[in-house]
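J.: Pasting in a structure now, in structure tokens, and then I'll have a few things to ask.
Read-outs throughout are calculated quantities, based only on the coordinates presented, and are distinct from any laboratory measurement. In this text the structure is predicted, and so the values were computed from the model without any measurement. Here the Cβ positions follow ideal geometry from the backbone for every residue, glycine too, while neighbour counts run over all protein chains shown.
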Amino acid sequence: MLATYRTDRSYDWNYRHGPSFAGRVPAVPATPAKTFLGLPVRARIGIAAGLLLNSRWVELYARLGFDILTYKTVRAAARRSHPLPNWVFLERARGRLPRGARAAVRTAPRRGADVAVLSSTVSFGMPSKPPAAWMRDVARARRALGKGQVLNVSVVASPAPGDPPARMIDEFARLAGLACEAGAQVVEANLSCPNVCSAEGDIYHDAALSGRIARAMKRAAGATPVLLKIGYLPARRGLGRLLESVAGGADGVVMVNGIAVRIQRPDGAAAFGRGRASAGVLGRMVHAPSVAQVRSAVELVRERRLPLAVIGVGGVATPEDAGDFFAAGAQAVMLGSAPMYDPFLAIRIKRSHPQW
């Protein structure tokens, strides 16, 4: 089956024409009722911010059995996508992600159909339609969902150089309110995009600021649950500091967003072009470190009795991969890149593990 996202086409083309799916949707297995952040769901399996560009994408993947659907990150003003390329595959698909200041991963053509061994990388820059457009579309996405499905809307502030933190905090709160007004059942702050060159990409490194954002968003969202999506924090002390700071504001944390590393073509040049040397890696390479961070976060939440749900994401391409996160204590598991080229994955997970 061809990928639902056409990597040879621009983000705008995929937004207007996608998803590319012409097949028949198999019957989705019935599963026992569960809850996610107090909301009824048929399975605690969903799609993370990224793949669901608009309501048509949300509707398709809802029909395909994903029950927690995250609308791609939106802003308070329109933002264009980075130019092509935006999504490329990587070599060393079976290996570990290299770390360190000089570490780099090289691109390679996608070979074979075994999604379980694939790694890829994306560089979009968190594009967004203007609020009037995305709010109308979020409302359409909400109407497209069935019983036992939840719409999560990802938001991000767009600070200008020199902006005081208070301005960014206010913008996150305003976006939370707009998302709720449009129909979001959960609002997620993206504090960790590895594919932008500005301040919104690494907010999660500042525990105090993250806590202020969480509390402001919660005030704006009211009874609507608030999530924070964070990046790679392998040090237990730093992770604990962040979790303690956001507890009481956020209802949960989603981790790990794509882990940033330098991406090069086989000739050593920057794969995404000038100014985009690093990007977030998705897929097999990031699975083990993502599971390890979720396990640490769950331990810290339990030890310190923090009122936080931990949601796992990172390299889930098989039911067994999802099981790694549930075994680590995750309350739900979100998928990033695999549903793009394996849209029936949620159906297989529900068949093999209806208890999830």
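J.: Evaluate the relative contact order of the chain (contact order divided by residue number), counting alpha-carbon pairs under 8 angstrom at least 6 apart; express in whole percent.
T.: 20
J.: I would also like to ask the following. Here are some values of Rg and Dmax of the Cα atoms in Å: [x] 18.5, 53; [y] 33.8, 110; [z] 39.1, 123. Which one was computed from this structure?
T.: [x]
J.: Using the count of nearby Cβ atoms within 10 Å as a rough guide to exposure, how do Thr107, Thr35 rank from fewest to most? Before the final figure, lay out each step's value.
T.: Numbers: Thr107 17, Thr35 11.
By the 10 Å Cβ count, ascending, the order reads Thr35, Thr107.
J.: Once amide H atoms are built 1.01 Å from N in the peptide plane, which residues 5 or more positions from Ile68, or in another chain, come under 5 Å H to H?
T.: Hits under the 5 Å cutoff: Ile45, Gly46, Ile47, Val150.
J.: Taking the Cβ of each residue in Asp321, Asp8 as the centre, tally the other Cβ atoms inside 10 Å and list the residues starting with the fewest.
T.: Working: Asp321 22, Asp8 9.
Ascending number of Cβ neighbours within 10 Å: Asp8, Asp321.
J.: Cα to Cα, under 17 Å, and not fewer than 8 places away if on the same chain: which lysines meet these conditions relative to Lys129?
T.: Lys72
J.: Let me ask something additional. Return Lys34, Lys147 ranked ascending by Cβ neighbour count within 10 Å, so the fewest neighbours appear first.
T.: Lys147, Lys34
J.: Name the residues whose placed amide hydrogens come within less than 5 Å of the amide hydrogen of Val281, ignoring near sequence neighbours (fewer than 5 apart) on the same chain.
T.: Residues meeting the criterion, in which the H sits 1.01 Å from N, are Ile259, Ala260, Val261.
J.: Sorted by mean Cβ packing within 10 Å, highest first, what order do the peptides 288-294, 312-318 take? Before the final figure, lay out the partial values.
T.: Working: 288-294: 20.9, 312-318: 27.6.
Highest mean packing first, the order is 312-318, 288-294.
J.: Among 12-22, 151-161, how do they line up by average Cβ neighbours within 10 Å per residue, starting with the highest? Don't skip to the answer; put the middle values down first.
T.: Values: 12-22: 15.0, 151-161: 21.5.
In decreasing order of mean packing, 12-22, 151-161 become 151-161, 12-22.
J.: How much FRET efficiency would the formula 1/(1 + (r/R0)^6) give for Lys147 and Arg6, where r is the Cβ-Cβ distance and R0 is 35 Å, rounded to 0.05?
T.: On the way: r = 32 Å, r/R0 = 0.90.
Plugging the Cβ-Cβ distance into 1/(1 + (r/R0)^6) gives 0.65.
J.: Under the rule of at least 5 residues apart or a separate chain, name every residue whose amide H is placed under 5 Å from the amide H of Ser119.
T.: Leu90, Arg284
J.: With n ≥ 4 as the cut-off for DSSP H runs, can you work out [θ] at 222 nm for the chain, using -39500 (n - 2.57) per run divided by the number of residues, rounded to the nearest 500? All intermediate terms of the calculation are to be shown ahead of the outcome.
T.: On the way: 10 runs with 116 residues, N = 356.
That calculation yields -10000 deg cm²/dmol at 222 nm.
J.: Would you mind telling me the antiparallel percentage of the DSSP bridges in the chain, rounded to 5? Write out the running numbers ahead of the final one.
T.: Values: 17 of 49 bridges.
Around 35 percent antiparallel, to the nearest 5.
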